[in-house]
Amino acid sequence: MEIVIKDNADTASRTAANYIAQLIRRKPNAVLGLATGRTPLPLYRELIRMHQEEGLDFSGVTTFNLDEYVGLSPEHPASYNYFMRTNLFDYVNIPEEQVHLPDGLTSDIPAHCSEYEKKIEKAGGIDLQILGIGSDGHIGFNEPMSSLASRTRIKTLTRDTIKDNACFFSSVEEVPRHVITMGIGTILDSRTCLLLAFGENKAEALAGAVEGPLMAALPASSLQLHPVVKVFCDESAACQCRQTDYYRWVYDNKPQWQQFE
Ligand code: PGA
């Protein structure tokens with residue numbers, strides 16, 4: 001796991017965007033796993049800038065989002081489908097047929113979930129999965145105690161996550177109790193995981209994920225099993241990690257062929 005600590009969320013997101021742009025330039029038909037929430041917003045803004053000002057071409061890119069609320073239509077302003085359109089898809093050139101999100105209105109959730117897994121496989125698997133981390137350590141919507149081998153399925157949100165996400169709805173009662181999410185096993189199958197974490201309210205979860213024991217009680221700790229994880233975080237999210245000096249030392253001493261800025 002490589003931990004890249006930057007002064008603030010914008011600088012960390014720019015570095016993460018450069019890393020993703022390198023992949024897209026090297027592999028124009030890359031398959032990206034996408035995340036929603038507050039965390040990836042500066043990253044998406046930078047990718048849009050790179051598309052508009054530097055011609056970063058997304059026309060060959062295929063995307064799969066991590067999750068969606070059960071019961072919300074794509075037009076609902078709090079749905080992740082709406083989020084992705086208004087924060088990324090409307091501003092870059094990914095063809096619509098190459099965009100995939102779980103369908104919150106599906107009438108057969110288990111069948112839809114296994115179909116979603118098949119689509120990922122058919123696309124050749126996910127090259128790079130973007131992840132945020134919940135304050136309870138979830139990745140995607142894999143809440144604590146999710147199986148480390150889980151695949152795409154329905155999950156019940158914890159009360160804490162419902163509270164954390166209530167700001168996207170007019171009241172806490174409106175937040176759906178259920179979601180469809182890629183599983184931890186699905187996430188671990190991607191070739192690279194890129195985890196973003198900003199702000200002090202992520203510090204405990206991030207330290208546990210990176211330096212704590214591997215356990216279902218902290219789903220993000222499952223990333224310790226993955227061979228290629230890049231964590232881009234700010235100083236406040238890293239403030240409970242014990243090995244920050246070492247992470248900075250590693251970053252400052254990367255061989256040139258491994259560097260990204
Ligand atoms: P946030 O959510 O980016 O809105 O903090 C992160 C997550 O729940 O994965």
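The values are calculated or read from the model by the stated rules, or taken from the named source; none is laboratory data. Everything quoted here is computed from the prediction, not taken from an experiment. When we count neighbours, we look across all protein chains shown, and the Cβ atoms used for this are built from the backbone with ideal geometry, even at glycine. Keep in mind that these areas ignore ligands, DNA and RNA; they rest on the heavy atoms of the full protein, side chains included. Shrake-Rupley method; radii C 1.70, N 1.55, O 1.52, S 1.80 Å.
For the range 214-229, the count of residues that are open to solvent by 20 Å² or more (accessible area, probe 1.4 Å), part of a strand (DSSP E or B) and farther than 17 Å from residue 193 by Cα is at least one.
All of (1) within 16 Å of the ligand (Cβ to nearest atom); (2) open to solvent by less than 10 Å² (accessible area, probe 1.4 Å); (3) small (Gly, Ala, Ser) hold for residue 37 with one exception: (2). Only a single item in (1) more than 11 Å from the ligand (Cβ to nearest atom); (2) closer than 25 Å to residue 21 by Cβ is not met by residue 222, and it is number (2).
Only a single item in (1) outside any helix (DSSP H, G or I); (2) touching a residue at least 24 places away in the same chain (Cβ under 8 Å); (3) open to solvent by 10 Å² or more (accessible area, probe 1.4 Å); (4) more than 27 Å from residue 117 (Cβ to Cβ) is not met by residue 204, and it is number (1). Could you list, in sequence order, the residues of the range 87-140 that are closer than 17 Å to residue 181 by Cα, within 16 Å of the ligand (Cβ to nearest atom), out of contact with any Asp or Glu (no Cβ under 7 Å at 6 or more places or on another chain) and not small (Gly, Ala, Ser)? Hits for the range 87-140 are 129, 130, 131, 133, 138, 139.
On the stretch given as the range 117-163, residues that are free of Cβ contacts under 8 Å to residues at least 60 places away in the same chain, of a type outside the set (D, E, K, R) and touching a Pro at 6+ places or on another chain (Cβ under 8 Å) total 3. Restricting 43, 32, 23 to residues that are of a type in the set (A, V, I, L, M), in contact (Cβ under 8 Å) with a residue 40 or more places away in the chain, assigned to a strand (DSSP E or B) and more than 20 Å from residue 154 (Cβ to Cβ) narrows the list to 32. Scanning the range 68-90 for residues that are among the hydroxyl-bearing types (Ser, Thr, Tyr), in contact (Cβ under 8 Å) with a residue 12 or more places away in the chain and surrounded by fewer than 16 Cβ atoms within 10 Å (Cβ to Cβ) turns up just one, 73.
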